[in-house]
Amino acid sequence: MSYRTTDGLFQSVELERCIRRLHAAVGNAVADDKQIVFATGSMQLINALVYALSPDSNSGSTASVVATTPYYPAYRTQIVLFDSREYRWAGNTSMWAKASGNSTTKEDVIEFVTSPNNPDAVLHQPVVGGSSAILDHAYFWPHFTHIPAPSDEDVMLFTTSKLSGHASSRFGWALIRDEKVAKRVNNYILQNTMGTSRDTQLRMLSVFKAILANLHGKEDIFAFGHDVMTAKWRKLGAVVSRSRRISLQNIPPQYCTYFDKIREPSPAYAWVKCEREEDSDCSDVLLKAKIITRSGVWNDASSRYTRISLIKSQDDFDLLLERITEFVDAELTAAGSNSM
């Protein structure tokens with residue numbers, strides 16, 4: 001099997017068509033006027049896009065890469081690992097804006113914007129005006145969030161790991177308005193991995209065709225996924241609402257253009273806060289209750305926050321709910337004993 005498809009390209013033209021059709025049908029992104037670049041998951045695109053948006057190595061300029069806390073940690077870890085002369089990790093957007101004597105122009109800033117955000121599910125917009133923004137829309141699908149309108153940013157990232165759950169198939173794509181930027185990203189991918197696996201492209205073509213064939217039908221993946229995730233969120237919220245020791249992020253119901261109605265929240269993650277002053281390490285507090293989470297420190301946030309993944313099998317979620325219930329019951333029992 002060649003690296004190239006039957007038309008001599010590294011990317012399947014038919015798969016590109018399916019992706020454009022899917023975005024148009026779901027209404028989450030404007031794709032028709034953009035270049036599409038495939039990658040080995042959206043993880044590969046993180047550094048590829050930073051490379052493509054950074055000043056040329058001969059310019060002598062260095063781009064500052066920033067994100068708003070709490071942010072996806074791979075933005076920071078990849079930039080630090082590759083340690084390029086053309087770009088550097090510059091931390092939180094608020095830190096950059098407040099830095100005194102900063103000679104960096106806004107044109108030298110590359111801002112990662114995760115929307116909905118990982119970990120707290122907030123829909124974000126760029127906050128550094130004039131910067132080059134990379135919109136990470138991994139979770140911008142109707143089973144994880146409401147779709148208020150199609151996103152029409154210059155650079156947008158998507159991945160099948162969150163769209164259909166095919167995480168280990170490793171397939172992501174970028175929608176890029178500027179053809180020169182798209183060419184630089186494509187060159188990065190070709191130099192890095194000689195393009196995206198043909199096997200993966202064929203598999204994703206089958207997956208996307210199945211999704212498209214069932215939109216708004218009995219086997220609509222988004223309706224099914226929303227029902228599953230909403231039920232998880234509702235059950236978890238009911239248990240945590242009884243606690244004064246921990247709390248969840250507040251996500252109000254919102255109108256969704258895909259479902260054409262007000263939809264209940266269905267986030268991929270619970271962003272848990274430990275409310276007691278003595279519970280400064282929330283991840284450790286829950287670990288003692290046999291609940292594995294990811295500390296907010298990973299997201300450049302306070303250790304008083306921690307992330308619980310809800311993208312698990314039903315068995316895993318049932319066990320999580322059982323242990324959260326035990327944790328809250330123990331809290332209430334202790335509170336009752338102290339009041340006597």
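Accessible area of MET156 (1.4 Å probe, protein heavy atoms only, ligands and nucleic acids ignored): about 0 Å².
Equivalent-ellipsoid semi-axes for the stretch 277-340 (Cα gyration tensor, √(5λ), whole Å, largest first): 23, 19, 7. Between ASP152 and ARG276, the distance separating the two model label sites (each 7 Å from Cα on the Cα→Cβ line) works out to 5.2 nm. Compactness of the stretch 241-280, taken as the C-alpha radius of gyration over 2.2 N^0.38 Å, stands at 1.60.
Placing a pseudo-label 7 Å from each Cα along the Cα-to-Cβ vector at ARG177 and GLU219 gives an inter-label distance of 3.8 nm. Taking the chain as the reference, fit the longest principal axis to its C-alpha atoms, fit the long axis of helix 13-26 to the helix C-alpha atoms, and give the angle between the two in degrees, 0 to 90, nearest 10. Helix 13-26 sits roughly 40 degrees off the main axis of the chain.
In the stretch 221-338, the C-alpha radius of gyration followed by the widest Cα-Cα span (Dmax) gives 15.1, 50 angstrom.
Annotation: amide H-H contacts under 5 Å for TYR72 (H modelled 1.01 Å from N, sequence separation of 5 or more, or interchain): ASN118. Less than 5 angstrom separates the built amide H of SER151 from those of ALA29, VAL30, all sequence-distant by 5 or more or on a different chain.
Along its three principal directions, the equivalent ellipsoid of the stretch 46-87 from the Cα gyration tensor extends over semi-axes of 20, 10, 9 Å, largest first.
Counting only protein heavy atoms and a probe of 1.4 Å, the accessible surface of the stretch 13-213 is 49% carbon and sulfur.
Determine the order of VAL80, VAL37 by accessible area, beginning with the largest, at a probe radius of 1.4 Å. It would help to have the intermediate numbers written out before the result.
Working: VAL80 90, VAL37 5 Å².
The ordering from most to least exposed comes out as VAL80, VAL37.
Sorted on the mean count of surrounding Cβ atoms within 10 Å across their residues, most packed first, peptides 221-228, 192-199 read 221-228, 192-199. Note: relative contact order over the chain, using C-alpha pairs below 8 Å and six or more positions apart, is 18 percent. Taking amide H positions as modeled 1.01 Å from N, with prolines and chain starts lacking one, the residues under 5 Å from ASP136 and 5 or more places away or on another chain are VAL113, THR114, SER115, LEU157.
Per residue, how much accessible area does the chain show when a 1.4 Å probe rolls over the protein heavy atoms, in square angstrom? Walk me through the numbers before you get to the answer.
Values: 16330 Å² over 340 residues.
Value for the chain: 48 Å² per residue.
Note on SER313 and ASN187: the model spin-label points, each 7 Å out from Cα along the C-beta direction, lie 4.6 nm apart. Based on DSSP H segments of at least four residues, each scored -39500 (n - 2.57), the chain has a per-residue ellipticity at 222 nm of -12000 deg cm²/dmol.
If you put +1 on each Lys and Arg Cβ and -1 on each Asp and Glu Cβ, how big is the dipole of the stretch 13-213 around its Cα centre, in Debye rounded to 20? Working shown, then result.
Values: 18 positive and 18 negative charges, 88 e Å.
The calculated dipole for the stretch 13-213 is roughly 420 debye.
Computed with every protein chain present, the accessible area of GLU219 is close to 140 Å² [probe 1.4 Å].
Relative contact order for the stretch 1-142: what is it in percent, counting Cα pairs under 8 Å that are at least 6 residues apart? Could you put the intermediate results ahead of the total?
Working: 185 pairs, mean separation 27.9, N = 142.
That works out to 20 percent.
Counting only other residues whose beta carbon sits under 13 Å from that of VAL50, what net charge do I get with K and R as +1, D and E as -1?
-1
For the pair ARG198 and VAL127, the difference between a 0.36 nm per residue extended length and the Cα-Cα distance amounts to 21.8 nm. Note that the stretch 1-156 shows a convex hull volume over its alpha carbon atoms of 144 Å³ per residue. Annotation for the stretch 215-321: trypsin sites (Lys or Arg not before Pro) lying in DSSP loop with at most 15 further Cβ atoms inside 10 Å of their Cβ are LYS218, ARG242, ARG244, ARG276, LYS288, LYS290, LYS312.
A viscosity of 0.692 mPa s and a temperature of 37 °C, combined with the Kirkwood radius over C-alpha pairs in the Stokes-Einstein formula, give the chain a diffusion coefficient of 153 µm²/s. Remark: the stretch 323-328, residue by residue, has Karplus-estimated 3J(HN,Hα) of 6, 5, 4, 4, 4, 5 Hz, where x stands for each Gly or Pro and the curve is 6.51 cos²θ - 1.76 cosθ + 1.60 at θ = phi - 60°. Using only the alpha-carbon atoms, how far is helix 198-213 inclined from the longest principal axis of the chain? Give it as 0 to 90 degrees, nearest 10. Value to nearest ten degrees: 60. For the chain, the longest principal axis of the alpha carbon atoms and the long axis of helix 41-53 meet at an angle near 60°.
Please grab the % of Cα pairs in the stretch 181-242 that end up more than 15 Å from each other. All intermediate terms of the calculation are to be shown ahead of the outcome.
On the way: 1341 of 1891 pairs.
Summing the P(r) tail past 15 Å for the stretch 181-242 gives 71 percent.
The values are calculated or read from the model by the stated rules, or taken from the named source; none is laboratory data. Values in this document were obtained by computation on a predicted structure and should not be read as measured data. Note that each Cβ is placed from the backbone with ideal geometry, even for glycine, and that neighbours are counted across all protein chains shown. Heavy atoms of the whole protein, side chains included, go into the accessibility calculation; ligands, DNA and RNA do not. Shrake-Rupley method; radii C 1.70, N 1.55, O 1.52, S 1.80 Å.
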